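This report concerns only the one structure given below.
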Amino acid sequence: MNELKNKKILIVDDEKELLKLTKEILQSEGFFNIYTAENCEEALNIILNQRIALALLDIMLPDGDGFSLFREIRKFSAVPVIFLTARGEADDKIHGLGLGADDYIVKPFLTKELVLRITALLRRTYLRNQESAGFYVGHRYVDFETASVKFGDKEKTFTPKEFILLKKLYENKNKIVTNDALCMAAWGDGYYGYENTLMVHIRRLREKTEETPSEPKHIITVKGIGYKLVTENE
Amino acid sequence: MSKIKNSNKTAIKIFICFILTASTVATILLGINFFGFAVISSNTNDAQEKTPKSILKSVSQSITFTGETFELNDKTIIPSDNWCILIDENGNIIWSENKPSDIPERYSINDIAGMTRWFLNDYPVYIRTEDYGLFILGIPKNAVGKYDMEYSMKWFDTLPKRILIILLINIILASLLACIFGASLYRRLKEVTGGINDLRKERNVKLNEKGLFKELSKSINETSSAIERKNAALAVRDNARSNWIAGISHDIRTPLAIVIGNSETLESSDELSEANRKRAVIITAQSIKIKKLIEDLNLISSLEYDMQPNKKKIVWMCPLIRRITSNIINSGILDNINDYEIELNLADEKAAVSADEALLERAIFNLINNSIVHNKNGCRIEISEYINNSTVNIIISDNGSGVPNAVIENITEIPKSAHGLGLPMAYKIINVHGGKMTAVNNNGFTVKIKLPLEK
């Protein structure tokens, strides 16, 4: 986890107070390699000369807008970018994410939210392999490498669709994932027409992951809405 | 599509009215002409000073019998080009005046009967009988034409029926003629009524300014451009206002971010006393309230002016309801999740509406959230959905304590303050999507939404 804390983070905002505040917040969370820039030019210079791991970009800047700055950055760098902006309109959000930004935070934000999003993006980008090695459901271990579940000396493999569904549930563990989101992940389509298919796949998943598939303890049905993966052992 | 039909209907109505009036007028005129002609023509006969009949009458009155011959005292009674004879019962002329030479002296019964056809040697003749003889007045040849006419009584019996038939034929003929002459009128009428309908829909109208409806078309065109100018001015103003609001909310966001960030830092600061840390907590909480207000500012102002959603697309209701519900449960806004039970009964997966998804999501979220905030000690919330008669029905009901009646009464009005905004906002959103929303306290609180089904 600590290897995330020394990642270089660049904050670009024309408001000095906010720059200072955001820097302090991140420093208090243990991030110590913080760079700040007040305009596009400074930002580009820093990204060119430092190995920046993540950039927070404001959209309204004195010498240009964050969207075009983002396009400039993308010409030479694949650094993960979060737009941090005072423009709350849905259009801007769609535009920002449509350009290929990784996240979009609207001001004012809560400290907790900002730190969570930055950590999540860093983890997604840099700790993917370590993180996604596998997880425990009860006493059974789901191995992402082999797409299988191990318990005792037994091992059962998942079909590709089952594995996609399980991963989707795992990415949102302890939260409800709607039937629609599951079907979109597995079949690229809405829930309508896949009602039985989804049910059958969930049943097969339970047969592999649950001690007593008829009384599931981990893949919980939320009636009418979707399913929830409950893991005790993290 | 239906509007075009409507404008046609109006034009057809006016057109039919026109044809009926025209044929009625034509038929009435026909009747007036017929009877009027009869009256006038008989009057002109009487008005003539000397008709053959009156001459004969004067002759019979002024002629005197001298014992042997008849004498006419005033010879001027008979015009110079007329002639007159008197025949006794044996057929002999016993008196004559101006008698042409080609008029015979004696008359047999056959000759007399022949004269009933009113001609004697091609002279038109008129007859008057007296007890002493028969007067015959002749006028110049070819002066008048005489025709024999006969009518059977049966003819008179069937006359009303035939008059009726003739009238009917007349009406039909008049209608046909009116149709032919009115075809172009109908076309113009259709244009004009279509223009007026477009005007009502505030669509741009540009009618041809010529013909019968020239002035009318001109007025309609002018009204249309006036409406267009007004709407453009309104749009400019609305746009300026929403830009202003967007600018304000933008400008507030950054300072507020600084306030929240700093107050959150103070909340966890070890240097502050417990009491002062609590003050920081209050600052954060209040700032978050301001944040929510700013987020709603644009939405509220546009809803207040019933602005139409401009980002409409097909929205599938069931996935939307599932997503909203799961978001509510996942977000942890239910303080004690076990006190709440949310049940979904979604009957028709095919339910789709044309809507701004973000707005619709907001409306349904507000309604579910309303049940949660009005029942802090928990409740059962049921969300049903079904299709009925091309309408998507969504019913959100809880078994909680309901809401104050004043809230239900004022559901159509966006409140002046941000308090109690949830229900009116949902109401407005459903309304601008062409739907209906009703709310009642019924062993809890029940909201019914009807939205037009998109096929």
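Here are some notes:
- Cα-based Rg and Dmax for the protein assembly as shown, where Dmax is the largest Cα-Cα distance (Å): 51.5, 170
- For B:283-290, mean number of other protein chain Cβ atoms within 10 Å: 1
- Qualifying aspartates and glutamates (Cα of each under 16 Å from Cα of B:Lys428; at least 8 residues distant if same chain): B:Asp296, B:Glu304, B:Asp306, B:Asp356, B:Glu357, B:Glu361, B:Glu409, B:Glu413
- Label-point separation, B:Ile40 to B:Leu272 (7 Å along Cα→Cβ), nm: 10.9
- Counting every alpha-carbon pair across chain B, the share separated by more than 37 Å comes to 63%.
- Candidate lysines for bridging to B:Lys210, where Cα separation is under 29 Å - those fewer than 8 sequence places away on the same chain excluded: B:Lys3, B:Lys5, B:Lys9, B:Lys13, B:Lys190, B:Lys201, B:Lys218, B:Lys230
- The stretch B:340-381: mean projected area of Cα convex hull, nm²: 3.5
- Positive contributions from Lys and Arg (+1) and negative ones from Asp and Glu (-1), summed over other residues with Cβ under 9 Å from the Cβ of B:Lys291, come out at +3.
- Across peptide A:22-28, the average count of Cβ atoms from other chains found within 10 Å of a residue's Cβ is 2.
- Between 0 and 90°, nearest 10: helix B:357-373 axis offset from chain B longest Cα axis: 60
- For the stretch B:64-79 versus the stretch B:378-433, the gap between their alpha-carbon centres in whole angstrom: 117
- A Förster distance of 45 Å, applied to the separation of the beta-carbon atoms of B:Arg380 and B:Ile16, puts the FRET efficiency at 0.15.
- Radius 10 Å from Cβ of B:Pro255, net charge of other residues (Lys, Arg +1; Asp, Glu -1): -1
- Annotation: lysines with alpha-carbon distance below 28 angstrom to B:Lys141 (same-chain offsets under eight excluded): B:Lys50, B:Lys53, B:Lys57, B:Lys75, B:Lys99.
- Average beta-carbon neighbours from other chains, 10 Å sphere, peptide A:211-217: 0
- Estimated at 0.36 nm per residue, the fully extended path between B:Arg279 and B:Lys230 surpasses their Cα-Cα distance by 12.5 nm.
- Phi-based couplings in Hz for the stretch B:175-182 (Karplus 6.51, -1.76, 1.60; Gly and Pro marked x): 4, 4, 4, 4, 4, 4, 6, x
- Ordering B:Asn90, A:Gly64, B:Ile180 by Cα displacement along the dipole of the protein assembly as shown toward the positive end leaves A:Gly64 in first place; charges were set at the Cβ atoms of Lys, Arg (+1) and Asp, Glu (-1).
- For the stretch B:166-234 versus the stretch A:57-117, the inter-centroid distance based on Cα atoms is 56 Å.
- For the stretch B:290-359, applying the loop criterion from DSSP together with a ceiling of 10 other beta carbons within 10 Å to the chymotrypsin sites (Phe, Trp or Tyr not before Pro) yields no site.
- Between B:Asn98 and B:His419, the distance separating the two model label sites (each 7 Å from Cα on the Cα→Cβ line) works out to 11.9 nm.
- Fully extended contour minus Cα-Cα distance, from B:Ile333 to B:Glu89, at 0.36 nm per residue: 74.3 nm
Read the figures in this text as sums done on the coordinates, not as results from a lab. Quantities reported herein were computed from a predicted structural model and do not represent experimental measurements. Note that we place each Cβ from the backbone using ideal geometry, even for glycine, and neighbour counts take in every protein chain shown.
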